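Worksheet: the structure to be examined is printed underneath.
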Amino acid sequence: MKSFAVVVKAAVLALAFVTASQAAGLPDLKGRTIVAVTENAYVPLNFADPKTGQGIGWEYDAVNEIAKRLNAKVDWKLSSWDVMIQSVRDGQYDIGMDGITINADRAKQIAFSAPYMTSEQYMLVRAKDTEVTGPESFKANPKLLIGAQAGTTNFYTAVYNVLDGDEKNPRIKLFDTFGASVQALKTGDVDTVLMDQASANGYIGANPDTFKVVGGPLGSDQFGFILKQGSDLIAPVNAALAAMKADGTIDALNKKWLYEYQSSQK
C-alpha cells in the first residue's frame, strides 16, 4: 500500500500539470502547434520591428495570448495579402490575420473568428498637404491618385466611397503591399492612402511630421481572424477571444498598440 506522503506528493504533481486552459475553463489543445500567417506590413497590427526585424504588433500579441490560453504553440509564417485567403482556405495555414474585414464574400471561402476590432476607414495624406481635405476635394481633382492593394477593404472603400465605383479607375494605383502604398504616399507618388484609424495612428506616431488624417470616417468595418471552413480551431479561438474581452486583455492590447506605441514613436 502506498504511504500517505506518496499519495499527497502524487496529487501535488498532478495539480502542477493543470494547464491554464483547464484552469480557465477553455478548450485544451494539449500543446498543439498552430500555424499562423500574416503579412508584416500593417502598422500597428502586424509589422517588422525596425530595430530587430522581428514580427510584432497587436495581432501577434493577441494570437500568442490565444495560444497560451488554449495550451498551444504558434508557428509564425509570412505571406503576401493576395494569396493569404486562398492559402488558409487550402489548409496551408491554420489561422490568418492582416486587419481582414469580415464580409459575406470572403465568408464564402473561409471562416471568420468573432470580431476582435471595429475599425473606421480614414484618408491619410502628407502632413503638408493643403489640397486634400476629404473625399469630395480629392474626387474633384483628376490629377490626384490614391494608393491601395487590390482586393482589400481599403481598395473597395477607395472605389465606392471616394471615387465613382469603377474598380478599374486609373486614379487608383495598385501596390503589392500595404506598406508600399504608404511609402508611395510619403514620396509623392500617390496623394492619399485609406486605412483604419488604428493603422493611421501607428503611421502618424512613427512619422509625426510626415502624415496626417483628413476628413471624417468613410465606413466602419469589423476585423476577424480567418480560418479554414469547418476548422476545429474556430470554437477554441472564439472562446479565448471572449475570455480576453471579458478580463480586459483586449483593452490592454488596444492601449499598448493603439496609444502607447503611437506615443513612443513621437
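The values are calculated or read from the model by the stated rules, or taken from the named source; none is laboratory data. Being a predicted model, the structure only gives us computed values, none of them experimental. Backbone-built Cβ (ideal geometry, glycine too); neighbour counts: all protein chains shown.
Among the residues of the stretch 167-195 satisfying the criterion of being under 17 Å from G134 (Cβ atoms) and assigned to a strand (DSSP E or B), which is farthest from the chain's Cα centre (by Cα)?
Of the stretch 167-195, the ones under 17 Å from G134 (Cβ atoms) are 171, 185, 190-195.
Next, from what is left, pick out any that are assigned to a strand (DSSP E or B): 192-195.
Numbers: T192: 21, V193: 17, L194: 15, M195: 12 Å.
Of everything passing the filter in the stretch 167-195, T192 is farthest from the chain's Cα centre (by Cα).
If you scan the stretch 199-226, which residues turn out to be within 11 Å of F112 (Cα to Cα) and either buried (at least 19 other Cβ atoms within 10 Å of the Cβ) or more than 19 Å from the chain's Cα centre (by Cα) (or both)? Give the steps one after another, and end with the answer.
Our first condition is that a residue be within 11 Å of F112 (Cα to Cα); within the stretch 199-226, this holds for 222-226.
Selection gives F223, G224, F225, I226.
Got at least one residue in the stretch 151-160 being in the same structural domain as R126 (by TED's automatic domain parsing) and assigned to a loop (DSSP other than H, G, I, E, B)?
So in the stretch 151-160, the residues in the same structural domain as R126 (by TED's automatic domain parsing) come out as 151-160.
The next check asks that each one be assigned to a loop (DSSP other than H, G, I, E, B); those that pass are 151-152.
Taking every residue of the stretch 151-160 in turn, at least one turns out to be in the same structural domain as R126 (by TED's automatic domain parsing) and assigned to a loop (DSSP other than H, G, I, E, B).
For T187, are the conditions met, namely being surrounded by fewer than 19 Cβ atoms within 10 Å (Cβ to Cβ) and under 14 Å from L145 (Cα atoms)?
Values: surrounded by fewer than 19 Cβ atoms within 10 Å (Cβ to Cβ): yes; under 14 Å from L145 (Cα atoms): yes.
Against the criterion (surrounded by fewer than 19 Cβ atoms within 10 Å (Cβ to Cβ) and under 14 Å from L145 (Cα atoms)), T187 qualifies.
In contact with a helix residue (DSSP H, G or I) (Cβ under 6 Å, 6 or more places away or on another chain) and among the small types (G, A, S): is that true of A127 in this structure?
Values: in contact with a helix residue (DSSP H, G or I) (Cβ under 6 Å, 6 or more places away or on another chain): no; among the small types (G, A, S): yes.
No; evaluated as a whole, the condition is false for this residue.
Which of (1) farther than 20 Å from E39 by Cβ; (2) surrounded by 22 or more Cβ atoms within 10 Å (Cβ to Cβ); (3) not assigned by TED's automatic domain parsing to the domain that holds K51 does P236 not meet, given it meets every other one?
(3)
Among (1) exposed (fewer than 15 other Cβ atoms within 10 Å of the Cβ); (2) modelled with pLDDT of 90 or more; (3) of a type in the set (S, T, N, Q); (4) under 25 Å from D129 (Cα atoms), there is one condition Q229 misses while meeting the rest; what is its number?
Here Q229 clears every test but (4).
From A62, A5, which residue is at pLDDT below 95, part of a helix (DSSP H, G or I) and either buried (at least 16 other Cβ atoms within 10 Å of the Cβ) or out of contact with any Phe, Trp or Tyr (no Cβ under 6 Å at 6 or more places or on another chain) (or both)?
Selected residue: A5, the only one of A62, A5 that is at pLDDT below 95, part of a helix (DSSP H, G or I) and either buried (at least 16 other Cβ atoms within 10 Å of the Cβ) or out of contact with any Phe, Trp or Tyr (no Cβ under 6 Å at 6 or more places or on another chain) (or both).
From the list A67, A36, pick out the single residue that is outside the structural domain of D189 (by TED's automatic domain parsing), in contact (Cβ under 8 Å) with a residue 40 or more places away in the chain and over 18 Å from L194 (Cα atoms). Walk me through how you get there before you give the answer.
Numbers: A67 fails: in contact (Cβ under 8 Å) with a residue 40 or more places away in the chain.
Only one candidate passes the filter, namely A36.
Among the candidates D251, D209, D221, which residue alone is touching a Ser or Thr at 6+ places or on another chain (Cβ under 9 Å) and at negative phi? Steps first, answer last, please.
Details: D251 fails: touching a Ser or Thr at 6+ places or on another chain (Cβ under 9 Å); D209 fails: touching a Ser or Thr at 6+ places or on another chain (Cβ under 9 Å).
Every option except D221 fails the conditions.
With respect to K212, is the statement that it is charged (D, E, K, R), assigned to a strand (DSSP E or B), touching a residue at least 60 places away in the same chain (Cβ under 8 Å) and outside the structural domain of M97 (by TED's automatic domain parsing) true?
Considered against the rule, which asks whether it is charged (D, E, K, R), assigned to a strand (DSSP E or B), touching a residue at least 60 places away in the same chain (Cβ under 8 Å) and outside the structural domain of M97 (by TED's automatic domain parsing), K212 comes out as yes.
So which of V83, V43 ends up being surrounded by 12 or more Cβ atoms within 10 Å (Cβ to Cβ), modelled with pLDDT under 90 and within 24 Å of V193 (Cα to Cα)?
Working: V83 fails: modelled with pLDDT under 90.
Within the list V83, V43, the selection yields V43.
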